[in-house]
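Worksheet for the structure shown next.
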Amino acid sequence: MRVIVMLLGAMLLFTKLAAAADFTLEIDRSPIEVNYRETKQAAELTLKTTLATGLPDLRVQAHALKSGSAFASITFPGNQGRAFIDLSADPGRKDVRIPIEITAVDIPGVYEAQIDVSRPGATDPVAKATIQVNRPGLGFSPVIGGPNFKDGQVVVTTSGDLESPANFTIQIPPTNRGRDLKVEVEPPLAKYLNVTPNQLSLLPGGQANIRVRPTSELPRGALNGTIRISDAADANAFAQVYVSTTRILDNSWKTITLFLAVLAGALLSVLLNNVFPVSRAKRQVRQNLTMAAASIDECSGASPMVREALRSDASRLRLLNGSFSWYTTTKAEQIQEVDVQLKALMAAIGLAVSISTLRSRIRGTYQQIPVRVQEVLEARLSLAEASLVDRRRCDQGLRQDSSDTAREGSRVRRHRNGRGNLLHQLLRRAMHRLRHAIRAASDWRVLFRVALGVPLRLQL
């Protein structure tokens, strides 16, 4: 029993498929465009059969068009505007054309419906077709996109070689009507940018690629402007696209600029760390040597030997100061050496000035000092000058002079009761202090200062 039921079902299905294969329903175009100023449109259906007996009695039924929540109607003018039409049998005829009318398309959009062909009294259609109707919107709203369309604007970035065009796309929405478009660059970018193509035709849902190429007159830096996309048939229907252009240096110029910047930084570092410090230190030494030369010339009371020795040291330091430059590898050590020797020279010049001053004061008091004392003081000053010129013999000279100082102190004591004046008392005290200082001192600088202290006590 089950086998019989399955066979009957298969035969029924085969019969339906065979019947469906015997009829085809075609629409003259899809989608059917409705002018954006209209709400209706006419079209035509074509019904075909492969039966040898021709077309039998048939009914063509159209369902309502729907787009979202909006509806439209399909009617048959040959049946007083109803949504169906009955076709009488026509033996020997293989096809028939059926006019239809689409009405009440009030809202722009894409509508869709189904049309069925069935035999009288049958529930299953022998043929069916889907119909699409499009009514574009009233406005002009092309969709802009593409690889160079960013943040609501077309970005054109090119280097110095001017071989980097930008690309963007224009698309007509499916709900809009087809249009002939013009693409133009508006001032101030009109002489700096070229667009291709500048005229094109697009159907609803169609898309085109637009290339923007900079000209050689595009200046370096950033510029902003607009591109106008308009309907060739209606100048009032247009849209504007913002454009941002930036021309930068090419890679070779970037490399050169980077190299020059690094070189300038290196030169500045050399100037700050080598040239300026060395030049400043050498200039300071020259100024100090000039002041030292002036001080030497003022030592009129010092012996010519001392002045000549100091001038020789100053000249030697001047030559040493000029013997190195900022690029010398040992400049730090040489600067330190010059500084140490300059300090020693300035100290020696100070002592020479003291000697000159003391000699001038002693000569001014010759009538008040005995000749023997004058000889001792002059010997003291000469010894100080000798120690200043030849420091290696300073200790030996001071040791020999210590005995003379002791003998002269005894002589002063023998004349203390006979003379008894204040000058002899001061000399005695100075000699006594000098003798004890010589015994306690080991450095030639200390000995030298003590030796120079004798006439200072006389001045007191």
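The values are calculated or read from the model by the stated rules, or taken from the named source; none is laboratory data. Because the structure is predicted, anything quoted here is derived from the model rather than measured. All Cβ positions, glycine included, derive from the backbone under ideal geometry; neighbour counts span all protein chains shown.
Of all residues in segment 259-284, none that is more than 16 Å from T330 (Cα to Cα) has its Cβ atom under 8 Å from the Cβ atom of a residue that is modelled with pLDDT under 90 and loosely packed, with under 13 Cβ neighbours inside 10 Å, 6 or more apart or on another chain.
With the requirement that a residue be part of a loop (DSSP other than H, G, I, E, B) and under 30 Å from the mean Cα position of the chain (by Cα), what does segment 165-189 give you? Steps first, please.
Of the residues in segment 165-189, the ones part of a loop (DSSP other than H, G, I, E, B) are 165, 172-178, 186-189.
P165, P188, L189, listed by residue number.
Looking only at segment 88-121, count every residue that is of a type outside the set (A, V, I, L, M) and in contact with a Lys or Arg (Cβ under 7 Å, 6 or more places away or on another chain) and tell me the total. Count: 12. Contact map, segment 92-120: first residue touching a residue at least 60 places away in the same chain (Cβ under 8 Å) and within 18 Å of P31 (Cα to Cα), second residue assigned to a strand (DSSP E or B) and hydroxyl-bearing (S, T, Y), Cβ cut-off under 6 Å, separation 6 or more or different chains; pairs are E101/T75; T103/S73; A104/S73; G109/S67; V110/S67.
A single member of I115, I102, I144 is under 60 Å from the mean Cα position of the chain (by Cα) and surrounded by 15 or more Cβ atoms within 10 Å (Cβ to Cβ), and it is I144. Exactly one residue out of S315, S252 is at pLDDT 85 or above and of a type in the set (S, T, N, Q): that is S315.
Among the residues that make up segment 360-375, is at least one of them modelled with pLDDT under 85, buried (at least 20 other Cβ atoms within 10 Å of the Cβ) and in the same structural domain as R283 (by TED's automatic domain parsing)? Looking for residues that are modelled with pLDDT under 85, buried (at least 20 other Cβ atoms within 10 Å of the Cβ) and in the same structural domain as R283 (by TED's automatic domain parsing), one finds at least one in segment 360-375, hence yes. Of all residues in segment 72-120, exactly one satisfies the criterion of being touching a helix residue (DSSP H, G or I) at 6+ places or on another chain (Cβ under 9 Å) and not in a strand (DSSP E or B), namely R119.
If you go through segment 287-335 one residue at a time, how many are assigned to a helix (DSSP H, G or I), touching a residue at least 12 places away in the same chain (Cβ under 8 Å) and closer than 30 Å to E378 by Cα?
Of segment 287-335, the ones assigned to a helix (DSSP H, G or I) are 287-298, 304-321, 331-335.
Imposing the further condition that a residue be touching a residue at least 12 places away in the same chain (Cβ under 8 Å) reduces the set to 288-289, 292-293, 295-296, 298, 305-307, 309-311, 313-314, 317-318, 320-321, 331, 334-335.
Among the residues that remain, those that are also closer than 30 Å to E378 by Cα are: 289, 292-293, 295-296, 298, 305-307, 309-311, 313-314.
So the count comes out to 14.
Select from segment 60-71 the residues that are at pLDDT 90 or above and part of a strand (DSSP E or B) and list them in ascending order. Answer for segment 60-71, where residues must be at pLDDT 90 or above and part of a strand (DSSP E or B): V60, Q61, A62, L65, K66, F71.
For G92, the conditions (1) on the phi < 0 side of the Ramachandran plot; (2) surrounded by fewer than 12 Cβ atoms within 10 Å (Cβ to Cβ) are fulfilled apart from (1). Here T255 fulfils each of the conditions (1) farther than 15 Å from I170 by Cα; (2) assigned by TED's automatic domain parsing to the domain that holds A166; (3) β-branched (V, I, T) apart from (2).
Inspection of segment 315-336 finds no residue satisfying the criterion of being under 48 Å from the mean Cα position of the chain (by Cα), under 30 Å from E217 (Cβ atoms) and among the basic types (K, R). Across segment 227-251, the qualifying residues are those that are out of contact with any Ser or Thr (no Cβ under 8 Å at 6 or more places or on another chain) and surrounded by 17 or more Cβ atoms within 10 Å (Cβ to Cβ), and the one among them that is farthest from S159 (Cα to Cα) is D231. Would you be able to say whether some residue in segment 78-85 is at pLDDT 90 or above, assigned by TED's automatic domain parsing to the domain that holds S30 and of a type in the set (S, T, N, Q)? Within segment 78-85, none of the residues are at pLDDT 90 or above, assigned by TED's automatic domain parsing to the domain that holds S30 and of a type in the set (S, T, N, Q). Scanning segment 378-395 for residues that are assigned to a helix (DSSP H, G or I) and modelled with pLDDT under 75 yields S387, L388, V389, R391, R392, R393, C394, D395.
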